[in-house]
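Below you'll find the structure, written out as structure tokens, and then a few comments.
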Amino acid sequence: MDQRAATLALPETPRSFGFFVDGQTIEAGPRGHFERRSPGHDVPVTRMPKCTKADLDMAVAAARRAFEDGRWSRIPAVERADVLLRAAQILRRRTEEIAYWETLENGKPISQARAEVGGCAGMFEYAAGAARALHGDAFNNLGEGMFGVVTREPIGVVGLITPWNFPFLILCERVPYILAAGCTIVAKPSEVTSATTLLLAEVLAEAGLPAGCYNVVTGSGSTVGQAMTEHADIDMVSFTGSTAVGRRCVAAAAGNFKKLGLELGGKNPQIVFADADLEDAADGVAFGIGFNTGQCCVSGSRLIVERSVARDFEAMVAAKLAKAKVGDPLDPETQIGAITTTAQNDTILGYIANGKQEGARLVCGGDRLDFGRGQYIAPTLFGDVTGTMAIAREEIFGPVLAVMPFDTMEEAIAIANDTVYGLAASVWTKNIDKALTVSRRVRAGRFWVNTTLAGGPELPIGGFKQSGWGREAGIYGVEEYTQVKSVHIEIGRRQPWVG
Ligand code: NDP
């Protein structure tokens with residue numbers, strides 16, 4: 001049996017993890033633990049320490065010491081880059097193991113989890129280069145007696161709160177960039193998907209990251225997460241999750257005016273013109289809502305389609321969704337896995353019931369799928385959706401697509417912008433003028449033309465409007481974790497103030 005096939009069995013007993021502070025793994029001991037059941041199989045797979053506020057204080061103190069003594073923040077960038085590059089190599093070597101635990105806790109297909117870990121290695125490689133490329137500015141235009149320099153300094157200790165939909169990918173869209181900037185980290189993963197955040201601690205230690213630079217405190221959002229946003233010795237919090245908790249982060253951050261990066265919800269439009277390659281667009285739209293069971297902040301959950309082709313296109317998307325393979329996340333053929341949490345499963349089914357009640361026309365899906373164990377929902381498409389329905393306005397975070405027809409480009413843009421969110425959008429057309437006009441007028445932080453959910457280490461991510469603050473990834477994602485300092489340098493003798 002090859003190693004890959006060997007990992008595809010369920011664990012016989014749940015794996016117990018410790019949390020990670022100052023280079024040491026600390027067992028749960030008297031704290032007790034959370035037990036996680038695989039959403040695809042409903043068997044216990046992991047056990048995580050129930051950390052306390054005191055554990056968080058210990059981790060923040062370690063990160064503070066590591067930051068202040070310069071073991072990471074003041075070494076040459078080339079040495080930081082070496083560590084990040086080694087981490088990328090180790091990630092590639094340990095892909096199978098990381099993907100396996102990610103799939104067990106999250107319910108996403110194993111093939112997708114493997115691809116995500118590969119993408120994460122790329123993030124570390126990019127960030128290694130970015131660490132060395134990061135620079136300030138100089139002003140040689142201030143006159144004979146004055147020279148100006150602008151430097152970028154690491155912001156300090158960063159608290160990182162990550163969600164359960166992409167536990168490892170979202171982590172790695174941040175950690176290498178934060179480290180590239182010279183900061184130290186205390187991470188708090190979602191209590192239901194903490195395993196791979198802890199595995200990253202092993203990877204970074206093996207890569208040579210000094211102790212104290214990456215710490216992980218497991219625990220619930222309402223205790224450890226909330227305490228992190230309130231913590232007086234954390235300089236910045238990067239939070240990814242719901243808009244409701246994002247609002248709480250803003251209030252909590254006021255205590256020490258810590259900087260916040262927020263990546264929140266989305267209700268992302270897919271605009272399809274009649275002149276698009278409709279076969280291509282149907283595939284992209286199905287992918288945009290089916291990928292990760294629609295549990296992406298950037299899922300394309302509103303299909304805004306030109307009326308003349310709306311019915312035909314709807315049928316094409318429905319056919320694609322019906323063909324996508326839903327099932328056991330450990331099956332390498334699976335394309336759509338399980339719904340990650342029971343609460344999220346109930347939320348999605350609630351929205352589907354609401355769509356039916358409000359009079360939307362069910363085109364496909366519309367119910368749970370029974371595979372004997374685990375929680376699964378059929379990809380669902382609703383036609384005749386109006387702008388006032390909840391399924392058109394609220395983030396469902398599941399495989400539910402709402403179709404709204406339009407007659408003119410202006411109308412399409414207006415519908416796309418009729419939301420409090422502004423995370424992502426796509427347009428499908430072969431007309432360059434339409435593609436450019438729509439991409440310039442729709443208010444979203446990420447925009448795709450004739451594609452969707454594309455991404456990588458180079459381009460920044462983040463939202464307009466209530467989808468968040470700041471940007472992650474790309475060179476912008478490193479700069480977010482720096483502060484700018486202006487230095488005025490007098491050349492020669494100063495003009496005396498007192499003669
Ligand atoms: P949350 O916003 O509650 O969770 C996101 C992260 O925040 C988790 O690590 C969570 O920890 C933590 N958290 C929870 N409460 C607090 C708090 N008071 N202070 C600081 N951190 C906290 O998302 P949910 O899991 O409740 O999902 C609800 C909805 O949020 C979804 O239906 C979806 O609409 C949206 N969502 C959006 C995501 C995105 O990528 N933008 C990701 C996930 C959810 P813990 O899980 O341990 O409680």
Taking only C-alpha pairs under 8 Å that are 6+ residues apart, what is the relative contact order of the chain in percent?
18 percent
Rounded Å value of the spacing that divides the Cα centres of segment 405-450 and segment 271-306:
12 Å
Helix 110-133 axis, angle to the chain major axis (alpha carbon atoms, nearest 10°):
30 degrees
For segment 269-449, shape from the Cα gyration tensor axes a ≥ b ≥ c, cut at a/c of 1.5 then a/b versus b/c, turns out prolate
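Out of all DSSP beta bridges in the chain, what portion is antiparallel? Express it as a percent rounded to 5.
On the way: 31 of 71 bridges.
The answer is about 45 percent antiparallel.
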Determine the alpha carbon to alpha carbon distance for each of Lys320/Lys356; Lys430/Lys465; Lys188/Lys465; Lys188/Lys320; Lys188/Lys485 and list only those over 32 Å.
Lys188/Lys320
Given a 1.4 angstrom probe, I'd like the percentage of the accessible area of the chain that is carbon and sulfur, rounded to a whole number.
53 percent
Expressed as a whole-number percentage, the relative contact order of segment 219-378 with C-alpha contacts under 8 angstrom and at least six residues apart is 15 percent
So, for segment 269-449, what is the accessible surface per residue at a probe of 1.4 Å, expressed in square angstrom?
39 Å²
If R₀ is 30 angstrom, what is the calculated FRET efficiency for the pair Lys356 and Lys465, using the beta carbon separation as r and rounding to 0.05?
0.55
State the Cα centre-to-centre distance between segment 197-254 and segment 308-373 in whole Å.
33 Å
What accessible area, in Å² to the nearest ten, does a 1.4 Å probe give for His135?
130 Å²
Using alpha-carbon positions, the gyration tensor of segment 403-456 gives root eigenvalues a ≥ b ≥ c; with a/c under 1.5 called rounded, otherwise prolate if a/b exceeds b/c, else oblate, the class is oblate
Plugging the Cβ-Cβ distance of Asp370 and Phe147 into 1/(1 + (r/R0)^6) at R0 = 60 Å yields, to the nearest 0.05, a FRET efficiency of 0.25
Which distance in nm do the two modelled labels at Arg494 and Arg441 give, with both placed 7 Å along the Cα-to-Cβ direction?
5.6 nm
Taking a crude spin-label model, label points 7 Å out from Cα along the C-beta direction, the Asp275 to Ile432 distance in nm is 1.2 nm
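Using a 1.4 angstrom probe with every protein chain in place, what is the largest-first accessible-area order of Phe20, Phe257? Can you show the working numbers first?
Values: Phe20 25, Phe257 175 Å².
Of Phe20, Phe257, the descending order of accessible area is Phe257, Phe20.
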Give the angle, between 0 and 90 degrees and rounded to the nearest 10, that separates the Cα long axis of helix 77-93 from the longest principal axis of the Cα atoms of the chain.
30 degrees
Heavy-atom accessible area per residue - segment 25-71, 1.4 Å, Å²
46 Å²
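Would you please classify the overall shape of the chain from the alpha carbon gyration tensor, given that a ≥ b ≥ c denote the square roots of the eigenvalues, rounded means a/c under 1.5, and beyond that prolate means a/b larger than b/c while oblate covers the rest?
On the way: a/c = 2.00, a/b = 1.29, b/c = 1.55.
It comes out oblate by the Cα gyration axes.
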Do any cysteines of the chain lack a neighbour Cys whose Cβ is under 4.7 Å away, and which are they?
Cys51, Cys183, Cys213, Cys249, Cys296, Cys297, Cys364
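The values are calculated or read from the model by the stated rules, or taken from the named source; none is laboratory data. The model shown is predicted, which means the values in this text are computed figures rather than measured ones. Every residue, glycine as well, gets a Cβ built from its backbone with ideal geometry; the counts of neighbours run over all protein chains shown. Each accessible area value is taken on the protein alone, full model and side chains, heavy atoms only, with ligands, DNA and RNA left out. Shrake-Rupley method; radii C 1.70, N 1.55, O 1.52, S 1.80 Å.
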